[in-house]
1. Is at least one residue of segment 93-103 charged (D, E, K, R), assigned to a helix (DSSP H, G or I) and crowded, with 17+ Cβ neighbours inside 10 Å?
2. From the list 165, 141, which one is surrounded by fewer than 17 Cβ atoms within 10 Å (Cβ to Cβ), among the polar types (S, T, N, Q) and in contact (Cβ under 8 Å) with a residue 60 or more places away in the chain?
3. May I ask you to verify whether residue 261 is at pLDDT 95 or above and either under 15 Å from residue 195 (Cα atoms) or not aliphatic (A, V, I, L, M) (or both)?
4. Can you confirm whether residue 21 is closer than 23 Å to residue 291 by Cα, of a type outside the set (Phe, Trp, Tyr) and either crowded, with 16+ Cβ neighbours inside 10 Å or at pLDDT 95 or above (or both)?
5. Could you grab me the full set of residues in segment 288-325 that are in a loop (DSSP other than H, G, I, E, B) and either surrounded by 15 or more Cβ atoms within 10 Å (Cβ to Cβ) or in contact with a Phe, Trp or Tyr (Cβ under 9 Å, 6 or more places away or on another chain) (or both)?
6. Mind checking which residues of segment 275-287 are more than 12 Å from residue 256 (Cβ to Cβ) and not in a loop (DSSP other than H, G, I, E, B)?
7. Condition first: over 23 Å from residue 172 (Cα atoms) and aromatic (Phe, Trp, Tyr). Now tell me which residues in segment 278-324 satisfy that.
8. What are the residues in segment 32-56 that are within 20 Å of the chain's Cα centre (by Cα), charged (D, E, K, R) and not in a helix (DSSP H, G or I), if any?
Amino acid sequence: MTQRRHFPGGFLFGTATSAYQIEGHAHGGAGRTHWDSFAATPGNVVRAEHGQLACDHYHLFEQDLDLVAAAGFDTYRFSTSWARVMPEGRGAINQEGLDFYDRLTDAMLERGLKPAATLYHWEMPSAIEDQGGWRNRDIANWFGDFTDVIMGRIGDRMYSVAPINEPWCVGWLSHFEGAHAPGLRDIRATARAMHHVLCAHGTAIARMRSLGMTNIGAVCNFEYANPADDTAASIAAAGRYDAIYNRFFMGGIFHKSYPDLALEGLEPHLPEGWDTDFDLIGAPVDWCGINYYTRSNIAAKDGPWPNVQAVEGPLDKTQMGWEIYPDGLYEFIMR
């Protein structure tokens, strides 16, 4: 049996949550988000569930952190809700929201937990969504202003911070596949959202550096793209899938470029002057976080770009129906 002593000195064990999924958004003066609207639209969410109460972490965070500490974790990764801090996304600040994150941070430190913050875990203030959300280039500076407010209050006590959790979900899953809020299926919206997410990432990095903060990184999600068979068509399709899912965001952050296989379909829809934003997007970070879950078995299909489809594979699956493929994590660490 592997035990903690088998890991290198300094290896940290942690657990993580996201604000909208646990806090209870109806409490504490939080503003509306696009997830509130998405969840209220019939057919979008199983059993029409929503985040108004969630786990009531807003009131129970002390007990919740007792559980985290008792489980022996070293660090707790949490996220902040933009709409809790700035209900309209811009302008007026909700002091009750800031006070909550201040108390939450101190409660972690009191229990010996290292606070690891994520600024944005998918909940866009509705007022910002009304102005185009991630499709609007101005969102980079609006997000930077939020960063100044929240990290100006708690940044001095953070162990680490990442601006945006899983950009692929924020950009592609939400604007091309329509599976997450705002639930769009529009390639122009997708291209702009994917690019502007990275502009916001870079802006937040710069704002936190100006506050004197360190240990700032990027958290991307990755999915191993496995060709469904050895045909040239499936191999090419898996390459396109990999470029969109894994290489687009990493390319922007670490190489100041986007992969050609992604630009094949996205470039006509990117905003004017997109290729002048890479110095902002590629602001140096201190670490890269890897969120890895599964692989997809990719084949080609007829239709417009990217003309890819996932087909069922032979491996054991999780309750979510995701193939269990730990080798993919090794692949991404090595890559």
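1. Pass one, segment 93-103, residues charged (D, E, K, R): 96, 99, 102-103.
Imposing the further condition that a residue be assigned to a helix (DSSP H, G or I) reduces the set to 96, 99, 102-103.
Remaining after also requiring crowded, with 17+ Cβ neighbours inside 10 Å: none.
Looking through segment 93-103, none of the residues is charged (D, E, K, R), assigned to a helix (DSSP H, G or I) and crowded, with 17+ Cβ neighbours inside 10 Å.
2. Numbers: 165 fails: surrounded by fewer than 17 Cβ atoms within 10 Å (Cβ to Cβ).
Of 165, 141, the one residue that is surrounded by fewer than 17 Cβ atoms within 10 Å (Cβ to Cβ), among the polar types (S, T, N, Q) and in contact (Cβ under 8 Å) with a residue 60 or more places away in the chain is 141.
3. Values: at pLDDT 95 or above: yes; either under 15 Å from residue 195 (Cα atoms) or not aliphatic (A, V, I, L, M) (or both): no.
No.
4. Values: closer than 23 Å to residue 291 by Cα: yes; of a type outside the set (Phe, Trp, Tyr): yes; either crowded, with 16+ Cβ neighbours inside 10 Å or at pLDDT 95 or above (or both): yes.
Yes; evaluated as a whole, the condition is true for this residue.
5. Keep residues of segment 288-325 that are in a loop (DSSP other than H, G, I, E, B), which gives 301-307, 312-316, 318-322, 324-325.
Those that are in a loop (DSSP other than H, G, I, E, B) and either surrounded by 15 or more Cβ atoms within 10 Å (Cβ to Cβ) or in contact with a Phe, Trp or Tyr (Cβ under 9 Å, 6 or more places away or on another chain) (or both): 306, 307, 313, 315, 318, 320, 322, 325.
6. Initially, segment 275-287 is screened for residues more than 12 Å from residue 256 (Cβ to Cβ), giving 285-287.
If the condition is that a residue be more than 12 Å from residue 256 (Cβ to Cβ) and not in a loop (DSSP other than H, G, I, E, B), then 287 is the only one that fits.
7. Selection gives 287 alone.
8. Step one: filter segment 32-56 for residues within 20 Å of the chain's Cα centre (by Cα), giving 32-39, 44-45, 50-51, 54.
Narrowing further to those that are charged (D, E, K, R): 32, 36.
32, the sole residue that qualifies.
The values are calculated or read from the model by the stated rules, or taken from the named source; none is laboratory data. Bear in mind the structure is a predicted one, so any value in this text is a computation, not a measurement. Cβ atoms come from the backbone with ideal geometry, glycine included; neighbour counts cover every protein chain shown.
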